1. Would you pull out the residues with amide H under 5 Å of Lys262's amide H, same chain only if 5 or more places away, H placed 1.01 Å from N?
2. On a C-alpha basis, how far is the centre of region 149-181 from the centre of region 429-498 in Å? Whole number, if you could?
3. For Met366, which sequence-distant residues (separation of 5 or more, or a different chain) have an amide H within less than 5 Å of its own amide H, given hydrogens modelled in the peptide plane?
4. Determine the share of region 283-409's accessible area contributed by carbon and sulfur atoms, expressed in whole percent, with a 1.4 angstrom probe.
5. Using a/c under 1.5 as the rounded threshold, could you call region 392-470 rounded, prolate or oblate? The axes a ≥ b ≥ c are square roots of the C-alpha gyration tensor eigenvalues, and prolate needs a/b larger than b/c, oblate otherwise.
6. By how many nm would the segment from Val299 to Ala93 grow when fully extended, if each residue of separation counts as 0.36 nm and the alpha-carbon distance is taken off?
7. Kindly state, to the nearest 0.05, the FRET efficiency for Thr232 paired with Gln264, given R0 = 30 Å and r defined as their beta-carbon distance.
8. Placing unit charges on C-beta atoms (Lys and Arg positive, Asp and Glu negative, everything else neutral), compute the dipole magnitude of region 303-423 about its Cα centre in debye, rounded to 20.
Amino acid sequence: MAAGREEREPEALDVESGEQQGDSQIQAASAGGLHHRHTTATDGAEPPAAGRPATLADAKPMGSTNLSEKAGGASEAASEDIVINSATYWEIAKYFGILGWTAFGGPAAHVAMFQKFFVDRLRWCTYLVFTELLMLGQCMPGPTSTQMGFAIGVLKKGLSGGLLSGVLFQGPGFLILAILGWVASKVLDNPPDWLQGLVAGLAAAGIALVASAALHLIRNICKGRLLQVLCTGAAIVAFYWPKPWTFPALIVIGGLVTLFAKRQDVIKVAEMNAGVDKLGFNKWGGGVLLAGWIVILVVLLVLAGQISYDDAKELHWAAVFWRTGSIIFGGGQVVLPMIYNDVVDRECITDSNGKEVCSDGPNSWMTTEQFYAGLALAQAMPGPLFNFAAYLGAVIAQNAGVNAIIGVLICWFSLFGPGIILIFGILPFWGAFRKWQVYRRALPGLNASAVGLIVTSVFQLTLSAYDSSPFPTTSICIGMLAYGLTEVVPVPAPFVVIGGGALGVVGWAAKMN
C-alpha cells in the first residue's frame, strides 16, 4: 500500500467477513445498535464490474454497515462512517459499578453483558475491536472477563480508566467473599439449601445471555463460508477436547487458516482504530510489566522450594496462587481443580472391603467442606469467579493463625496479578501489531475461532447447569424465559440475571421439577 507503487495492488479484503470485494470495499463490524452517519452516493459512482458478484455492500444485510475507501483513484458507490462514542470517567464508574453488582453467571455471561453494554448500547467500540479483546483474553493466562474489563477502560481513558473499570468490576464480589471467608472459617461448613436454588436461577439466566451474545457475534463476525466453518469447527473441537491448551491452540489455528487463505491480499480496514483511544503504557512500559511478571513467578517458585511452609506460610500462599494465575487458560471453572489440589491435601486408603476412603490430610490448608461451601457462595456472587481467592485467603489465613486480611490480599492479588499484568503489558504491542498485514490477514480466523469458543460455552454451561440444578426442568424454563426477555423485549441484562436468581429461589421453595 506504499504511495507510488506501480503495480496494481491485490483486491482488498473485508477483515471480518473474509470475502473479496472489488475496489477495496470493506464490510464493517457493526450490528446490535451501533449508530452511523450515512452519506449519499456520489455522482458518477461506478457500478459493480460486469461479471463480478454483488458485494455485501450491495445487499446491505440487516445490522451491517459498509465502509468504503478509494483505491487507485476509483470512486466508491457509497461511504459510511461509524460513530463511536467517547467515555467520561463518570460513565466508566457508573457502568462498571453497575456490572460489579449485577454481573452474575460466570465469565461467558460477563462477556455477553460487556457486549450489550459497551458495543450495542453505549457504542464505545466496534464488534471488531471487542472480539479482538476477547481473542487476546482467550490466548493469555488469567480470567478473560476481568482482562476485558480492564482493557475496555484502558481503551477509553488510558491507565486510570483501566484501573477504574477493573476495580469497580471486581470490587463488590471481592469484598463480599472476603467477609464471608472470615465468617465461614469457623462457622459455615455447608451452604444453605436455598442458595442452590439461587445459583441455579442465576446460572440459567447467565447462560441465556451467553446464547444471545453468541448469536450476535456469529452474525457480525463470522461473515462468509470460511469463517463460519472455522467457528463451527472450533466449537466442536473445544467441546470434545475441553483442555486448557485447546482454547489458545484453536484461535491460533484459525488465524493461520485465514493468513494462508488471504496471503495475496492487502487488507484495508477503515474502522480499525474505532474505539481505540488509548493503549495505556508505551511499549517500554509494557515490556517491563511482562518481564516483571516472569521475574516474580521465578522468584516465588525458587524461594518456596527452599523455605519450609512453617517458616514462611505467606510466601507459599503467594507462590501457589501466582503460579496458578500464570498458567491457567480457560477462566474460573478451569482453575478450581488446580487450586483444590493445592489447598486441600486429600489422603486415600483402601478399607477391608476394598473400597477407597478419602479424607483431608494434616497438611491441608483448609477442609474440603470449607472449600465447597465457599465455591457455592462464589458462584452466587457478582463479578469474576477468581474472587473466590478472597474467600480462600481469609479461610487459609485464619486456619494458620494469621490475620485474615493478610491472607485475603496475598491470595487475591496473587491469583489476579498475572492476568492483569499481562493485559496491561500486551495492549501497547497489540496496538502496533494490529496494523500489520500479517495480523490483519489472520484476524478474521482469530476472531471466528474465539466466537466458536463462546458457542461451545453455551452447550457446556447448559449441560452442566442441567446436571447440577436441584430442578433441571425448571432451570431450562428459566433460561428460555431469560433468553426471550433479553432478545425480544429487550430487558436490560442485569435485571434478567437478578430475575433469574429470584425465580430460582421460588423454584426451590416450591420444590419444582
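1. Hits under the 5 Å cutoff: none.
2. 21
3. Long-range HN contacts for Met366: Asp345.
4. Accessible surface attributable to carbon and sulfur in region 283-409 totals 61 percent.
5. Since a/c reaches 1.5 but b/c is at least a/b, the shape of region 392-470 is classed as oblate.
6. Net length gain for the segment: 70.6 nm.
7. My answer for the efficiency is 0.70.
8. 380
The values are calculated or read from the model by the stated rules, or taken from the named source; none is laboratory data. Only a predicted model underlies this, so the values are computations on that prediction, with no experimental measurement involved. When we count neighbours, we look across all protein chains shown, and the Cβ atoms used for this are built from the backbone with ideal geometry, even at glycine. SASA here: full protein model, heavy atoms, side chains in, ligands and nucleic acids out. Shrake-Rupley method; radii C 1.70, N 1.55, O 1.52, S 1.80 Å.
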